[in-house]
Each structure stands twice: as C-alpha cells, then as structure tokens.
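The values are calculated or read from the model by the stated rules, or taken from the named source; none is laboratory data. What you see is a predicted model, and the numbers here were worked out from it, not measured in a lab. With ideal geometry, Cβ positions are generated from the backbone for all residues, glycine too; neighbour counts draw on all protein chains shown. The accessibility values were calculated without ligands, DNA or RNA, using every heavy atom of the protein model including side chains. Shrake-Rupley method; radii C 1.70, N 1.55, O 1.52, S 1.80 Å.
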Amino acid sequence: MSIMTFSVLPAQKKSIDQKVDSVLKLMTLDEKIGQMNQYNGDWAATGPITKDGDKQSQIKKGMLGSMLNVTGVDHTRTLQEIAMQSRLKIPLLFGQDVIHGYRTTFPIPLGEAASWDLKAIEQSARIAAIEAAAAGVHWTFAPMVDIARDPRWGRVMEGAGEDTYLGSLIAAARVKGFQGKGLGNTDAVMACAKHFAAYGAAVAGRDYNSVDMSLRQLWETYLPPFKAAADAGAATFMNSFNDLNGIPATGNAYLQRTVLKGNWNFKGFVVSDWGSVGEMINHGFVKDNYEAAMAAANAGSDMDMESRSYIQNLSKLVKEGKVKMAVIDEAVKRILRKKFEMGLFDDPYRFCNTEREKKEWNNPEHIIAAREIAKKSMVLLKNNHQLLPVNKSVQTIALIGPFVKAKSDNLGFWSYDWPDDTTRIVSLWEGVRSKAPAAKMLYAYGCGIKDTSRAGFAEAVAAAIQSDIVIISVGEARDMTGEAKSRSTIQLPGVQEELIKAVAATGKPVVVLISAGRPLVFNWIADNVPAIVYTWWLGTQAGNAIADVLFGDYNPSGKLPISFPRTEGQIPVYYNHYNTGRPAKDENDLNYVSAYTDLPNSPKFPFGYGLSYTQFSYSDIKLNKPTINAKETLTVQTTVTNTGKFDGEETVQLYTRDLFGSVVRPVKELKGFQKIYLKAGESKTVTFDLTADDLRFYTDQLQYIYEPGDFKVFVGGSSADVKEAAFTLVK
Ligand code: BGC
C-alpha cells in the first residue's frame, strides 16, 4: 500500500535519498519543524510531563514527527491513522525505552554484561525488538552505552559497566540485536545509542550532574562504545542531559557535528534527551527556549524530545536567520530517511499487526532465552567449602528475605508491568519449589527491603534453625537504581544486613543472594557468609534461573563488568587506573604513597572476577616471540585446565600494559577475552593474537597511535588474578 501520492517517479525506482528529497520539496517550514518534534504519549511517562492541549489535533496538523511511550498495536494504529489525515501523510515514529526486554524482561543490561556472552546479549536485544515491534514500536531508546565507574550513579544498571573494550563489543551486539536483519524488516526496531556523551561520568555519581574531563579521556574511555554502536549501524543517537566541559551535550556542536556526523560520518538522526533542549536554560547556557532551540538545532540535535523548544521557536529562528534553512533541511532529511528505511511510507501500519502482536505476546521461546541469559548473568562471589551447589535431595531448606516471593522487584528499573505478572514472573520460591519438589521448604519474610523493623527476625531465625541450609535473598527495590536514582550510600537498604547477621548467628550454612541494579557495599556479608551469588535483577525468569544455579543445573560463569568498592569513599574505583608517581608496594604500604590509611586501594571484588563451582588453573603464558614490529602478530597462549569436579565455563581475559608512553598508560587494559567450556579434568589452549593496532591510544593531541616500547601481557580469570609475560614492540 503506498500512501504518498506526490512521487514523480514510481516509488520503487527511486533511491531513498531521492524519495526524501521529493517529500522535503513539498513541505512547508512548519511541517519540517513538525518532523523535528517529539511528544510523550499517554501510556507511561519517563520524565516530567507537560500538559498542553490536544496532541491529536497537532498530529493532524503535521506538528509531530514522533511520539514516545505509545505502545500496543491498537494505540499506535489510532495515532498513525490521525497522522494519515495530515496534509502530507508523513507517518509517525513510535519510540519506547525497551532497555532489557519488553514483554519478556531480561536481566538488567549491567547483569547481562556480566555474562560476557555477546551472542546471548545480542539475542536478548533481538527478542526485545521482536516483542516491541510486534506491539507497534519502531524505535528503542537503547542501547545505553555510557561507561560508568561510579556505582552511586543509578543509571549504572543500564550500561555494560566500567570497561571500554567490553562496553564497545556489547554496544555493537545490542545494536545488531535490536536492528536484526536491518531496518525495513518488521521485527527490527531502530536502535538509539545514548547518552551522547560522557553522561556516565557525572560528578559524584549524581544523576544529571556535570562532566568535566580531558578530551583525551573522552576519546579513550567514553567515546569508543558510541563509535562501535555507530559502526554497527545504530539508526539514531540520543544526546544527554549533562554538560561536557561546560557545554551541554544537547547544544554541543563538537560532539554532534564534528565527532558524530563529521568524523564518524553518522547518517542517522540525533534525538535530544527528555526536555534536554529546554534544560539548557537551567544549565545557564542559554537565556530562554528561543536560544535553546537555536543552540540545539545548530549543534546538530535533530529532534526535540518533549521540550517544545523547536515547535515554538524554530520558525522564528529561521525567519530571523539564526538557524539556517539548511540546518532544518538536513535534520528533516535524516528523520525522513529513517522513516523510509523502516518502510513506513510504504505502509504506516506495518507494525500494527494484531496477529503478530498476539503471537509474540506469549512466545515460549522468549521465556527459554530469558532463563538462559539470566543464568549466565549471575556472578558467584564466594563459595567457601563448596557450600554450593545445594544437593537436590536436601531435606529442609529455609528461604528467607524480602525477595523470596517477590515478583516485580525481579524486573528492575526500565521494565514494564503486565496484568499477568503475578503468574508470569517466576519468584525464587517457585523456582526452588520446582527444582527440589521433595524438599521441605520453610519461608520467612524477615523484613521488607527498606524496613527498619526487626519484627520478622525471630521467625526467620526459627526457620533457619529447623533447616539444613538457608538461602537469604536480599537487595534493592526495583526503583532504587535507575534514572534519577543516585544514592550516596550503597549499602543494603533497611535492616537486611542485620537480618543476615541474625540468621547467620544460628550457625546454619547460609547462602546470600543479592538482587540489585548496581554494585553494593556489603562487607560484613562478604567477610562472614560462606556463599554469595550476585543476581542483579534477572527479569521474568529470575526464580528459575537462580534455582538452576543454586542446585547446580547450571554452573555459574558470570564475571563482574564493574569493580565492587569496599566503601563509597573509594569511588570511583576501577581496574584500569594509572600507576601514579607513588604507587603503594602492597596493601600495607602507607609510607607517603598513593593509598588510603584506612583501607586497601583494591576493590572488594575486582573487574572480571567471578567464581565457578569448579576451579580453573592457568599455565604460564607462551608468546610466539619476545619482540614484534608494527606488522607482526604476537600470539599469546595459555592452557587452561578445569581442575575441579564440575564441567564449567571460564572467561579467559587478556590484558596489556604499556610500560612507558608519551602519556601515561593504565596498569592494565582489557584487550580480549574468550569464553571456553571445559569438562572436569579437561584442558584447552587458548590463543590470542595481538598486533600494534591493539596497542593504540590517544596522545594529548588526540592522535590515535601506538608507540614502540616495552609491554606486559596478562592472561587470567579476573583483572586481579593473572599470569604475566613481557614483550617489546619495535618500529
Ligand atoms: C532518559 C532517556 C530516555 C528518555 C525517554 C530520559 O529521561 O534519560 O534515557 O530514553 O527519558 O524515556
């Protein structure tokens, strides 16, 4: 069905650019500005709402190019039908935050990152796209690819953690997953790499806060995941709330024009963050919405989400010559191009298929995949005396804590509630019940997540005393980590840690499960409880996946994608720091060195760390040669042996250190990893190739170069547990 009637040539014969041009020619200035305007629908709100009249009549007038938070086939169809009554019948784009699933909720992105499993991560995004597209959604505001080294920042949950290399691979995997076989397929949604840029470096971990960093740091640490997303074909970018070195990202021409659309040749469009155009007034960057619209449009923000700055000011700005018509045309072309690529001009209702929506609503394959990736996302932090896995013939098991029977708290922030959640989401209780049907299960709530009352402790202790093993499930409520959810202290909320102490005092073997959106600080538990599994927020299949791990049907393989601090005072703590001029010799060295007097420099749990039920030993590293030149390849080999009793998966990590550089280099940098599966007793030799290109970095003049010199190479199962070797790069 072809809705457009203005084509001079038959539509199919024209290239998309020609089609875009032919539409553009027909558009009035107001219609063009309409395309650059995006409003929230009334399904949900993910920011401060502006109520300003009848959106439907504005759609009819062509004053809107896109809406967010409108979902469901019926709903999107109704609004699209209204768009089809506008003069040029330009279809609307419907955007939605499909961050870790839509109908089926997958683990939070930080949790998925702990899987280090790019295929699984891509698959999770693929399924999210299939479900969302079936419900009329064209565009997800994901992936969030902000590097984050500060767990106080609530949005740490949305990204892939602290490492640029891992984060870049995951960014690309997510884009591929969302966009599937390419825009134009009805199961592909447009991806949106956000928040451009450096949003994750907000001062003090406070959301929306300023970011001040060197351009070198920006290019080396924060931009690569965005570049990876662009290279993977991300259709859109979202700019961000923060200022970067004094210029709000939304009005930042360097970021959007020079880097993104210039250096990277990005052909998609940039949407502002919610209200971020208008927020430049609060930043103190512009005086009013008129100036805000001017700054944002000229800087390369193509679409205004919810500020109304464009719709109210751009026409005047163009007439007064403050924003050139070419700027408007370029933005509109970028937007129209995506609408064509999505096939919406051919059929604006192609995402409005009720049958498909019904089919994907309860697609059983999606549930299976959700369980798989949830299993892979968990990180076994401690397992003294091989307390885990629990024997399935255990007689009495006590399940204690606010998460045991929780449902929606398993979903975490940026997830959707559905009417059948109580039956669809699998609680820990249900997961354990089906895993060990013969076991006697005792339950005690203990306390609420945020409770200050200890009234439930006695019941919890009584249950523990009668049991053979105690599982305590604690954590953060679903709304404690996410947007605008920064916390200055990141301990377990309420009296949950006290509950654990009370239960542990019974002397019964205790396993603690921690559900959270960020690294928490839980030193007492880490030091005193024999077994700890970090479960993040695992989504719809949480209970089944946790039971798979607890009872050994799945041997945990997750590795932390972010360092866990000992206290908030250490933040930011990350593995790839510099050595400083006064590095401490060891953790006891306090003699005028760069150290804390009251705690070690190292984190509680390092980047890349995670245990298995089995053990892996690493041979010494073998290099093919001690010296390579810029054209040669260094091969780095290690033999990994499963020395334990269980089959299991290990993530073998490769790091390098450039010992001397024209700018100082981190003590370690991740350069590669491989996931290998080893049967008990089995060995495998893992080979990594390194070339000079892997050793590049940004100079203070922002040249991306490698420098001849001495390097170290490390291989191991965590950033803090490695074997090392040395090599030299010569010209
Ligand atoms: C968030 C974005 C999100 C947008 C739309 C903003 O508040 O920062 O990440 O995509 O709202 O919901």
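Of these, 380, 388, which one is at pLDDT 95 or above, under 16 Å from residue 530 (Cα atoms) and crowded, with 24+ Cβ neighbours inside 10 Å?
One residue alone meets the criteria, 388.
Pairs, please: C-beta under 7 Å, at least 6 apart or cross-chain, first residue in a loop (DSSP other than H, G, I, E, B) and in the stretch 137-165, second of a type in the set (Ser, Thr, Tyr) and at pLDDT below 95?
Close Cβ pairs (under 7 Å, with a partner that is of a type in the set (Ser, Thr, Tyr) and at pLDDT below 95) amount to 137/71.
Answer yes if at least one residue in the stretch 651-666 is closer than 19 Å to residue 576 by Cβ, open to solvent by 60 Å² or more (accessible area, probe 1.4 Å) and within 28 Å of the chain's Cα centre (by Cα), and no otherwise.
No, the conditions are met nowhere in the stretch 651-666.
Could you look through the stretch 556-578, keep only residues that are of a type in the set (Phe, Trp, Tyr) and over 20 Å from residue 516 (Cβ atoms), and pick out the one that is surrounded by the fewest Cβ atoms within 10 Å (Cβ to Cβ)?
Only one residue tops the list, namely 578.
Could you check residue 632 against (1) buried (at least 20 other Cβ atoms within 10 Å of the Cβ); (2) of a type outside the set (A, V, I, L, M, F, W, C); (3) more than 27 Å from the chain's Cα centre (by Cα) and say which number it fails?
(1)
Could you identify the single residue in 503, 474, 432 that is over 28 Å from residue 45 (Cβ atoms) and part of a strand (DSSP E or B)?
Testing whether each residue is over 28 Å from residue 45 (Cβ atoms) and part of a strand (DSSP E or B) leaves just 474.
Looking for whichever is outside any strand (DSSP E or B), at pLDDT 95 or above, under 30 Å from residue 431 (Cβ atoms) and open to solvent by 60 Å² or more (accessible area, probe 1.4 Å) here; the options are 598, 620, 553. Which one fits?
Within the list 598, 620, 553, the selection yields 553.
What is the number of the single condition among (1) more than 13 Å from the ligand (Cβ to nearest atom); (2) farther than 18 Å from residue 155 by Cα; (3) polar (S, T, N, Q); (4) open to solvent by less than 20 Å² (accessible area, probe 1.4 Å) that residue 236 does not meet?
That leaves (1) as the condition not met.
Looking at the structure I just gave you, is residue 156 of a type in the set (Val, Ile, Thr) and either open to solvent by 10 Å² or more (accessible area, probe 1.4 Å) or farther than 30 Å from residue 246 by Cα (or both)?
The answer is no for residue 156.
Answer yes or no as to whether residue 128 is open to solvent by less than 10 Å² (accessible area, probe 1.4 Å), more than 16 Å from the ligand (Cβ to nearest atom), within 24 Å of residue 67 (Cβ to Cβ) and not in a loop (DSSP other than H, G, I, E, B).
When the stated conditions are applied, residue 128 does not pass them.
From 209, 265, 282, 185, grab the single residue that is free of Cβ contacts under 8 Å to residues at least 12 places away in the same chain and within 16 Å of the ligand (Cβ to nearest atom).
After applying the criteria, what remains is 282.
Filter the stretch 239-259 down to residues that are hydroxyl-bearing (Ser, Thr, Tyr), more than 16 Å from the ligand (Cβ to nearest atom) and either open to solvent by less than 10 Å² (accessible area, probe 1.4 Å) or touching a residue at least 40 places away in the same chain (Cβ under 8 Å) (or both), then give me how many there are.
Adding up the residues that qualify gives 0.
So if I check each of 148, 230, which one is more than 16 Å from the ligand (Cβ to nearest atom) and either among the hydrophobic types (A, V, I, L, M, F, W, C) or touching a Gly at 6+ places or on another chain (Cβ under 8 Å) (or both)?
Residue meeting the stated conditions: 230.
Give the residue that is farthest from the ligand (Cβ to nearest atom), with candidates limited to residues of the stretch 48-70 that are touching a helix residue (DSSP H, G or I) at 6+ places or on another chain (Cβ under 7 Å) and assigned to a loop (DSSP other than H, G, I, E, B).
Looking at residues that are touching a helix residue (DSSP H, G or I) at 6+ places or on another chain (Cβ under 7 Å) and assigned to a loop (DSSP other than H, G, I, E, B), I get 62.
Would you say residue 95 is at pLDDT 95 or above, within 16 Å of the ligand (Cβ to nearest atom) and of a type in the set (Gly, Ala, Ser)?
So residue 95 passes the test.
Which of the residues spanning the stretch 714-730 are of a type in the set (A, V, I, L, M, F, W, C) and more than 18 Å from residue 631 (Cα to Cα)?
714, 715, 720, 722, 725, 726, listed by residue number.
Which residue is farthest from residue 399 (Cα to Cα), if the candidates are limited to the stretch 471-499 and must be hydroxyl-bearing (Ser, Thr, Tyr) and away from the ligand (no atom under 16 Å from the Cβ)?
488
So residue 45 ticks every box in (1) loosely packed, with under 14 Cβ neighbours inside 10 Å; (2) within 16 Å of the ligand (Cβ to nearest atom); (3) within 22 Å of residue 88 (Cα to Cα) but one. Which box is left unticked?
The number of the failed condition is (3).
Within the stretch 285-325, restricting attention to residues that are open to solvent by 10 Å² or more (accessible area, probe 1.4 Å), away from the ligand (no atom under 16 Å from the Cβ) and of a type in the set (Ser, Thr, Tyr), which residue is farthest from residue 223 (Cα to Cα)?
Only one residue fits best here, namely 315.
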